[in-house]
Amino acid sequence: MLGRLGALLQQAVGQQEPSLDLLEAFTEHWKGLTHYYIETTDENTPVRETDIPWRLKQMLDILVYEEKQQPAGETGPCLEYLLQHKILETLSTLGKAEYPPGMRPQVFLFFSRVLGQVQHPLLHYLNVHRPVQKLLQLGSDALGSATEREEVQFAAVLCAKIKQDPALLTYILEGKDLLRGQKPSRQLCCPQGEAGSSQGEPVAANGALAASPEHPWGDAACAGLAGKPKKPLSSSSPLNSENNLITSLITLCKSQKSRVALKAQENLLLLISVAQQAAATYLVQNSALSCLVAERLCELYSAVPASADPADVLSLERASWRLQNKAADEGSFPGKASLDAFFSWLDYCDHLVREAHPVVADAVTEAIGEKLFRGILQPQLLQMSELGILTSTAMLTAIVRQIGAPALLRMLVEFLLGTERQPEAVPDSPQQHLLRAQLIKHCNHLSDEISLTTLRLFEELLRKPHEHIVYSLVLRNLEGRSYILHSPPGQEERSSQEQEHEEDALELEEDPYFTDGFPDTGLRTSKKPTSPSPRGPARPSETTEVNEIVLSFLGLVPDEAKTSSCLEEAGYDTYVHDALGLFQECCANVSSWNWPRAPRPLEACDPHAAFYEGHFLKVLFDRMTRILDQPYGLNLQVTSVLSRLALFPHPHLHEYLLDPYLNLAPGCRTLFSVLIRVIGDLMQRIQRVAQFPAKLLLVRRQLMGLAPEEQMDHVTLLQGVVVLEEFCKELAAVAFVKFPPEGPA
């Protein structure tokens, strides 16, 4: 037989009508394949022990060779025979029957090779796309696991074809179960039904589907398709039962074989990145894509054990869907496999939203927001169980760290913080966003673990390049600059002179809120320039003013409470390098936010407006006032969040957090005034601790790992002093970086 086919092919080169001999060979192979089912009596013989694979290969070779001999755009006799005699339909039935054993992979391979190697567009034909749909159904049943490699190859060919011609979506995504004989609830790709011709639909002379008024797929049709109303989902016929290319790909994404899962994910990305608006709309409205992606995410989230250690969750590095299962055994701990699976799929969803057509991206984002954020995470974050709050907050922190796609990040931010833009009023305002208010309260929870974990969540949020985060938490309350005392006209100069005459009258035990604008501190109000700086907000006009701001923070902690110099540590300049890198990163993130370069003029502000620092800053400042009584780790997290806020190049935020010379309105406090109150408390406590300098130095050595742990009194206080000293140096470095003095430091 091999010799005969070779002779036929050689003769075909020199004959004027080679298609006749090719057709004879083609039909002979097809009849030989069908005769096997008539003549065989052994139903257990594997397909590889028969001549079926060989005959299918010869039929493919003939089709490919014949196409090369035909003028472009014309179908040859062999291809006509394939279409008219429903060969693909028959093969899909044989694949479903899995007879002989192993037939299904052979059918998948034949379909993949025919669709991939034959250049003539085939999927428009009823006798091609209908068996293709049936074959996709086969990949979703219980027997599909044995043919995953062939299934994903078949799906890859279909995705590539759809990418080339998005109009093919209407032929592939038919929403009905063809194998089970269910009637479609709507005709998606065969508007005239199955009657009308011997092949089931109107067929043109060459066997293609006749153009239908409802499906011309021209520009006008694309526009009409995009405007079709979305089909309501029926609970009696869930989308999961309507198997098609999307469900097949999602199923293959769950494969235990990493190569198969990765290939399926890559092809799903290829499919959802279709360029045409109409095709993207059709994909969203006529498939369960967004629901299936979100349900898979929820399924993996629910698989994470409730006993997962929050510390383990927070210790995970950012996952990559392309590197899944690469390091499954590295650093293993209970529940790591489930966590890796969830965050890998989350990274895939994030990548999918980035790459997808905006219509598809919005649908997937909305589904994730509805099913995972509001459906699962919100009840967990609002529960009463401390262990549940701790675990869910740790998971949320890791989710925030993982997400980067703008659409998905926007959904997450609105879910956590709401969309309100007006200044906050009182803490118990009924208009406040419930979840936002609860999370901020958790920063001041009775459980230090919950407070620490929630503060980490907010620090992670502040790292994200989304303007609404910092605006919702802080900036909306500072826009009116009502924290500054509005002096009556003509009294500003006199007030400044009075303060200069009282430079030596500083009393730390007095009013910590400085309600009369630093009357006894000797800290004169710096003159703020009105010209913008190319690096950020308004910059002091004199080098000495910047140096004074830096020295104000460096001089807050009294000498008897400083120990860094005893260990030959450098000053605040050790923080400058890190602060510079973080500040530049921050400036890059906010570059498109159109922030002002200079503070809002006081003349444009309401002098009678009441100032409220906002729930978030109130909690942070309250925590700072207790820095001498809180655990070391919690203190580090509080100061870390405040330092990150101070880095933002907004003039109001810089003024409020880093300017010690503000003339504060009555009842207002700033970060500097809070620190002075803490220092006042510290000075009183130092007198009550015997051998304070020696103990403080020992604690610093222990924190640095230079000395073994020892039992001693006042450890929390001493650790708080160490954090306080380093925090002041860090703020000095931030101030120096944001407004560097001219010349060497």
*With the condition kept exactly as written, say whether any residue in the stretch 377-391 is open to solvent by 50 Å² or more (accessible area, probe 1.4 Å), small (Gly, Ala, Ser) and within 20 Å of the chain's Cα centre (by Cα).*
no
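Using the structure shown, decide if SER290 is touching a residue at least 12 places away in the same chain (Cβ under 8 Å), out of contact with any strand residue (DSSP E or B) (no Cβ under 9 Å at 6 or more places or on another chain) and among the polar types (S, T, N, Q). So that I can check it myself, show each step before the final result.
Numbers: touching a residue at least 12 places away in the same chain (Cβ under 8 Å): yes; out of contact with any strand residue (DSSP E or B) (no Cβ under 9 Å at 6 or more places or on another chain): yes; among the polar types (S, T, N, Q): yes.
Taking the combined requirement at face value, the residue satisfies it.
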*Enumeration of residues in the stretch 124-133 that are buried (at least 20 other Cβ atoms within 10 Å of the Cβ) and either under 16 Å from LEU33 (Cα atoms) or more than 35 Å from the chain's Cα centre (by Cα) (or both)*: TYR125, LEU126, ASN127, VAL128, HIS129, ARG130, PRO131
*Scan the stretch 392-405 residue by residue and report those that are in contact with a His (Cβ under 8 Å, 6 or more places away or on another chain) and either under 14 Å from THR365 (Cβ atoms) or open to solvent by 20 Å² or more (accessible area, probe 1.4 Å) (or both).*
ALA405
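If you go through the stretch 382-395, how many residues are in a loop (DSSP other than H, G, I, E, B) and more than 15 Å from ARG436 (Cα to Cα)?
Narrowing the stretch 382-395 to residues in a loop (DSSP other than H, G, I, E, B): 382-385.
Those left that are additionally more than 15 Å from ARG436 (Cα to Cα): 384-385.
Total satisfying the criteria: 2.
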*Just one of the numbered conditions (1) in contact with a Phe, Trp or Tyr (Cβ under 9 Å, 6 or more places away or on another chain); (2) open to solvent by less than 20 Å² (accessible area, probe 1.4 Å) is not true of ARG374; which one?*
(2)
*Just give me the residues in the stretch 406-428 being more than 19 Å from the chain's Cα centre (by Cα) and open to solvent by less than 50 Å² (accessible area, probe 1.4 Å), in sequence order.*
GLU420, GLU424
*Could you please let me know if LEU682 is out of contact with any Phe, Trp or Tyr (no Cβ under 6 Å at 6 or more places or on another chain) and modelled with pLDDT of 90 or more?*
yes
*Name the residues in the stretch 312-332 that are at negative phi and at pLDDT below 65, would you?*
LYS326, ALA327, ALA328, ASP329, GLU330
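Do we have any residue at all in the stretch 638-650 that's assigned to a helix (DSSP H, G or I) and either within 16 Å of ARG476 (Cα to Cα) or of a type in the set (Phe, Trp, Tyr) (or both)? Let's see the steps before the verdict.
Of all residues in the stretch 638-650, those assigned to a helix (DSSP H, G or I) come to 638-647.
Next cut, either within 16 Å of ARG476 (Cα to Cα) or of a type in the set (Phe, Trp, Tyr) (or both) only: 645-646.
Yes - at least one qualifying residue is present in the stretch 638-650.
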*If you check PRO631, PRO607, PRO601, which single one turns out to be of a type outside the set (S, T, N, Q), open to solvent by 40 Å² or more (accessible area, probe 1.4 Å) and in contact with a helix residue (DSSP H, G or I) (Cβ under 8 Å, 6 or more places away or on another chain)?*
PRO631
*Just wondering, is there one or more residues in the stretch 429-449 that are open to solvent by less than 50 Å² (accessible area, probe 1.4 Å) and farther than 20 Å from VAL641 by Cβ?*
yes
*asked:* Looking only at helices (runs of 4 or more DSSP H) that lie completely in the stretch 18-123, which have at least 1 residues being of a type in the set (Gly, Ala, Ser) and free of Cβ contacts under 8 Å to residues at least 24 places away in the same chain?
replied: 18-39, 87-97
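This table checks each residue for (1) of a type outside the set (Lys, Arg); (2) modelled with pLDDT of 95 or more; (3) open to solvent by 10 Å² or more (accessible area, probe 1.4 Å); (4) within 13 Å of PRO53 (Cβ to Cβ).
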| residue | (1), (2), (3), (4) |
| --- | --- |
| THR93 | yes, no, yes, no |
| LYS96 | no, no, yes, no |
| TYR99 | yes, no, yes, no |
| PRO105 | yes, no, yes, yes |
| LEU109 | yes, yes, yes, yes |
*asked:* For the list (1) in contact with a Leu (Cβ under 9 Å, 6 or more places away or on another chain); (2) in a helix (DSSP H, G or I), I need the number of the one condition that ALA308 fails.
replied: (2)
_What pairs come out if I take residues in the stretch 613-632 that are over 15 Å from PHE458 (Cβ atoms) and pair them with residues that are in a loop (DSSP other than H, G, I, E, B) and open to solvent by less than 10 Å² (accessible area, probe 1.4 Å) whose C-beta lies under 8 Å away, six or more apart or interchain?_
GLU613/TYR483; GLU613/CYS668
_Flag if LEU316 is in contact (Cβ under 8 Å) with a residue 12 or more places away in the chain and closer than 13 Å to ALA394 by Cα_ = yes
_Counted residues, the stretch 346-355 - those being touching a residue at least 60 places away in the same chain (Cβ under 8 Å) and open to solvent by 10 Å² or more (accessible area, probe 1.4 Å)_ = 2
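Residues in the stretch 396-414: is at least one of a type in the set (Asp, Glu), within 21 Å of ASP312 (Cβ to Cβ) and in a helix (DSSP H, G or I)? If you could, list the steps in order and put the result at the bottom.
So the first thing to find is which residues in the stretch 396-414 are of a type in the set (Asp, Glu), and the list is 414.
Of the ones still in play, those that are also within 21 Å of ASP312 (Cβ to Cβ) are none.
No, the stretch 396-414 contains no residue that is of a type in the set (Asp, Glu), within 21 Å of ASP312 (Cβ to Cβ) and in a helix (DSSP H, G or I).
Return yes when ALA694 is over 15 Å from PHE553 (Cβ atoms), part of a helix (DSSP H, G or I) and free of Cβ contacts under 8 Å to residues at least 40 places away in the same chain and no when it is not. Give the derivation first.
On the way: over 15 Å from PHE553 (Cβ atoms): yes; part of a helix (DSSP H, G or I): yes; free of Cβ contacts under 8 Å to residues at least 40 places away in the same chain: yes.
The answer is yes for ALA694.
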*Which of the residues spanning the stretch 645-663 are among the aliphatic types (A, V, I, L, M) and in contact with a strand residue (DSSP E or B) (Cβ under 7 Å, 6 or more places away or on another chain)?*
LEU662
*asked:* If I ask for residues that are in a loop (DSSP other than H, G, I, E, B) and out of contact with any Phe, Trp or Tyr (no Cβ under 9 Å at 6 or more places or on another chain), which ones from the stretch 609-624 would you list?
replied: ALA609, ALA610, TYR612, GLY614
_Residue count, the stretch 263-277 (criterion: open to solvent by 10 Å² or more (accessible area, probe 1.4 Å) and over 17 Å from GLY139 (Cα atoms))_ = 7
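Going residue by residue through the stretch 72-89, is there one that turns out to be within 20 Å of VAL157 (Cα to Cα), surrounded by 14 or more Cβ atoms within 10 Å (Cβ to Cβ) and among the polar types (S, T, N, Q)?
Pass one, the stretch 72-89, residues within 20 Å of VAL157 (Cα to Cα): 79, 82-83, 87-89.
Now narrow it down to the ones that are surrounded by 14 or more Cβ atoms within 10 Å (Cβ to Cβ): 79, 82-83, 87-89.
From the residues that got through so far, the ones that are among the polar types (S, T, N, Q) too are none.
There is no residue in the stretch 72-89 that is within 20 Å of VAL157 (Cα to Cα), surrounded by 14 or more Cβ atoms within 10 Å (Cβ to Cβ) and among the polar types (S, T, N, Q).
If you take the residues in the stretch 558-592 that are aliphatic (A, V, I, L, M), in contact with a Lys or Arg (Cβ under 9 Å, 6 or more places away or on another chain) and at pLDDT 90 or above, which one is surrounded by the fewest Cβ atoms within 10 Å (Cβ to Cβ)?
Quick first cut of the stretch 558-592, residues aliphatic (A, V, I, L, M) only: 561, 567, 570, 576, 579-580, 582, 588, 590.
When the remaining residues are screened for being in contact with a Lys or Arg (Cβ under 9 Å, 6 or more places away or on another chain), the result is 567, 579, 582.
The next check asks that each one be at pLDDT 90 or above; those that pass are 579, 582.
On the way: ALA579: 22, LEU582: 17.
Among those that are aliphatic (A, V, I, L, M), in contact with a Lys or Arg (Cβ under 9 Å, 6 or more places away or on another chain) and at pLDDT 90 or above, it is LEU582.
Residues GLU709, GLU655, GLU613: which one is surrounded by fewer than 16 Cβ atoms within 10 Å (Cβ to Cβ) and of a type outside the set (Val, Ile, Thr)? Full working, then the answer.
Working: GLU655 fails: surrounded by fewer than 16 Cβ atoms within 10 Å (Cβ to Cβ); GLU613 fails: surrounded by fewer than 16 Cβ atoms within 10 Å (Cβ to Cβ).
From the options GLU709, GLU655, GLU613, the qualifying one is GLU709.
The values are calculated or read from the model by the stated rules, or taken from the named source; none is laboratory data. Since this is a predicted model, take the numbers as computed values, not measurements. Note: ideal-geometry Cβ built from the backbone for every residue, glycine included; neighbour counts use all protein chains shown. Surface areas here come from the heavy atoms of the whole protein model, side chains and all, with no ligands, DNA or RNA. Shrake-Rupley method; radii C 1.70, N 1.55, O 1.52, S 1.80 Å.
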